[in-house]
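> Below is the structure I would like to discuss, written out as structure tokens.
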């Protein structure tokens, strides 16, 4: 016997929600995996194996193992320009840091 007008309580339906923290963590993990794959592909060991299997001629560098870095090439170009033009080039903050 019900004494309240015959209405039955119905619990509200809830929606499934994703937590943003989980989505951010998953996105960050995917980005890290992509970065790691790129980094492995550029490693010296992989390059050496690729040259060996592709039977490319061996290149010999003087100085550093991988040749000159971008910073060294830039510094050399600046120095050469300074010598040709007989003037010093002012360095930016970013260039001073490297």
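Nothing in this text is a laboratory measurement; each read-out follows from the coordinates by a stated rule. Remember, predicted model here, so these are calculated numbers, not experimental data. Positions of Cβ are generated from backbone atoms using ideal geometry, with glycine treated the same way; all protein chains shown enter the neighbour counts.
> Under 1.5 on a/c is rounded, so check that first for the stretch 19-59, then, if it is not, pick prolate when a/b is larger than b/c and oblate when it is not; a ≥ b ≥ c are the square roots of the alpha carbon gyration tensor eigenvalues.
prolate
> As an exercise, use a Förster radius of 41 Å and the Cβ-Cβ distance of residue 22 and residue 42 to find the FRET efficiency, rounded to the nearest 0.05.
Once rounded, the FRET efficiency stands at 0.85.
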